[in-house]
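Quick notes on the structure that follows.
What follows draws every value from the coordinates through simple rules; no lab data is involved. The structure presented is a predicted model; accordingly, all values stated were derived computationally and were not measured. Neighbour counts are summed over all protein chains in view; Cβ atoms, including those assigned to glycine, are modelled from backbone coordinates with ideal geometry.
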Amino acid sequence: MSSNYEDIKREQIAEAVEGWTHGGPLYRRPAFRIMILVVLFSAFGIWAAAFFTDKIMPSILSTQMGSVHDTMILFTVLAAPVSALVYAVAAYSVYKWRRTGGDEPPPDGPPIRENTLVTSLWLGMSVILVVVLLVWGMTALSSENQGQLKPVTVDVYGQQWLWTFKYPGTGVESNQLVVPTGRQIRFVITSYDVTHGFWPNSLGVQVDANPGFNTYITADPTKTGQFAVRCSQLCGLYHAYMDANGKVVTPAQFSAWLISQGASSSAANAYALGGK
């Protein structure tokens, strides 16, 4: 009994959707119209990735932030056709197949799990996307791990609800983060109380500040400019106000700033040139 019912149901569904891809003018077929929407939505998504990324993301002041910027564009471009297919089917369904008044609900669509072509295409495209993203991520990670000798070390301390930055060997301690261009910066991060998230946004790096031990991350500033240092972990009542000013300056300006904060000329110059 159940088998006969399923066979009848399949025949009804097949008859109902026959016109989606076969028969009649091409422009009247739902499958063709949906694909037109997919193309339009995909084009919009790719355009938005190219146009809006620079406007909604922090400025690029380091090599790492450049990689983050490019990764955001790549991921958005690759995701555009996938999301476009979902939005196209949803939009066309709302427009064409919506149920009004006392109409009978439309029949379910035909199952595709036994369609070899569709499942093969879906699996193949998924594998290609995953491999592309894996190679991209491994390449970016490898480039970040290629550090310089004698980087400039900055000790970072988080606490509720402020940041403190110390420059070893100079005696300088500040609530403002200042780093030079042309040198790799090695951040040594910890917390005095709870877990915080160290995020100098335009440097393109982010890592937790944990109480009791250090975490490490490096950045390679390439351009002068100002940025914000924010906390990326919910850390208490005033978490949203836990930020600090950051600045990337030239090496000469960096030495002058250290001297203005109380460092000796010899210590400032040695630190700026050779790090800790």
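Here is how the numbers come out for the structure above:
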{"quantity": "Pairs beyond 27 Å (Cα-Cα), from LYS55/LYS247; LYS166/LYS223; LYS55/LYS166", "calculated": "LYS55/LYS166"}
{"quantity": "Ranking of ILE189, ILE36, ILE259 by count of other Cβ atoms within 10 Å, fewest first", "calculated": "ILE36, ILE259, ILE189"}
{"quantity": "Chymotrypsin sites (Phe, Trp or Tyr not before Pro) within region 145-226, DSSP loop, no more than 10 other Cβ atoms inside 10 Å", "calculated": "PHE213"}
{"quantity": "Segment VAL77-VAL131, extension gain: residue separation times 0.36 nm, minus the distance between their alpha carbons", "calculated": "17.9 nm"}
{"quantity": "Overall dimensions of region 221-276 as given by Cα atoms, namely Rg and Dmax in Å", "calculated": "14.9, 42"}
{"quantity": "Region 152-274 - charge dipole about Cα centre, Lys and Arg +1 at Cβ, Asp and Glu -1, debye rounded to 20", "calculated": "280 debye"}
{"quantity": "Exposure proxy ranking, count of Cβ atoms within 10 Å, fewest first, for THR218, THR119, THR63", "calculated": "THR119, THR63, THR218"}
{"quantity": "Residue order, fewest to most beta carbons within 10 Å, for TRP122, TRP136, TRP199", "calculated": "TRP122, TRP136, TRP199"}
{"quantity": "Förster radius 41 Å - calculated FRET efficiency between GLN226 and PHE32 (Cβ-Cβ, nearest 0.05)", "calculated": "0.20"}
{"quantity": "Contact order relative to length of region 190-276, as percent, for alpha carbon pairs under 8 angstrom and 6 or more apart", "calculated": "23 percent"}
{"quantity": "Farthest toward positive dipole pole in region 174-276 [+1 Lys/Arg, -1 Asp/Glu at C-beta], among PHE198, ASN245, PRO180", "calculated": "PRO180"}
{"quantity": "Space enclosed by the convex hull of the alpha-carbon atoms of region 152-274, per residue, Å³", "calculated": "88 Å³"}
{"quantity": "Distance between modelled label sites at TRP97 and LEU237, nm, 7 Å Cα→Cβ extension", "calculated": "5.4 nm"}
